[in-house]
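The structure under discussion appears below in the form of structure tokens.
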Amino acid sequence: MGRRRLRRRPSRRVPNLGPPGTPGPFAFADGNRLERAIHAGGFRDVTIEAIIRPIPIGNDVDDVTDFITSLPESQRLFAGKPEENVAAAVDALREGFAPYAGPDVVAIDESAWLAAARR
């Protein structure tokens, strides 16, 4: 499979994730915060390991783009927007995922924390 690692590229728009320490989908992106939460739960001997693995997200760029644009979240973002803006967003998705497309898969890295602790 022709996989390429996802590289951080500067974004023209950065979403507002709220102030540090607030709840949300990226609340535990900081491993130190996760460790503090586990300790606060009464656990000790905490170990945290970052797990990063490639994950296939589609057969080709069109497959990935079709999936993302079909999501309810995407539909809400696109609702009522000018057609040229939606088309530009879809083109940007295609362009953004193109470097991660191999002959039979589009794969990007996913990450998670593997945490262990004792009571």
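The values are calculated or read from the model by the stated rules, or taken from the named source; none is laboratory data. Computed from a prediction, not measured in an experiment: that's the story for all the values here. Cβ atoms come from the backbone with ideal geometry, glycine included; neighbour counts cover every protein chain shown.
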Inset, instruction - Considering only segment 32-58, state which residues are loosely packed, with under 15 Cβ neighbours inside 10 Å, among the small types (Gly, Ala, Ser) and within 16 Å of the chain's Cα centre (by Cα). - result: 50
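This table checks each residue for (1) modelled with pLDDT of 95 or more; (2) farther than 30 Å from residue 41 by Cα; (3) out of contact with any Cys (no Cβ under 8 Å at 6 or more places or on another chain).
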site: 61; (1), (2), (3): yes, yes, yes
site: 65; (1), (2), (3): yes, yes, yes
site: 68; (1), (2), (3): yes, yes, yes
site: 84; (1), (2), (3): yes, yes, yes
site: 110; (1), (2), (3): no, no, yes
site: 116; (1), (2), (3): yes, no, yes
site: 119; (1), (2), (3): no, no, yes
Inset, instruction - Can you give me the number of residues within segment 59-81 that are over 21 Å from the mean Cα position of the chain (by Cα) and not hydrophobic (A, V, I, L, M, F, W, C)? - result: 2
Legend entry - Which numbered condition residue 113 fails, given (1) surrounded by 12 or more Cβ atoms within 10 Å (Cβ to Cβ); (2) within 17 Å of the chain's Cα centre (by Cα); (3) outside the structural domain of residue 33 (by TED's automatic domain parsing): (3)
Inset, instruction - Filter segment 64-83 for residues that are touching a strand residue (DSSP E or B) at 6+ places or on another chain (Cβ under 7 Å) and surrounded by 15 or more Cβ atoms within 10 Å (Cβ to Cβ) and give the result. - result: 64
Legend entry - All positions within segment 84-103 that are in contact with a strand residue (DSSP E or B) (Cβ under 9 Å, 6 or more places away or on another chain) and either within 20 Å of residue 28 (Cα to Cα) or not hydrophobic (A, V, I, L, M, F, W, C) (or both): 100
Legend entry - Count of segment 54-78 residues which are under 13 Å from residue 98 (Cβ atoms) and acidic (Asp, Glu): 3
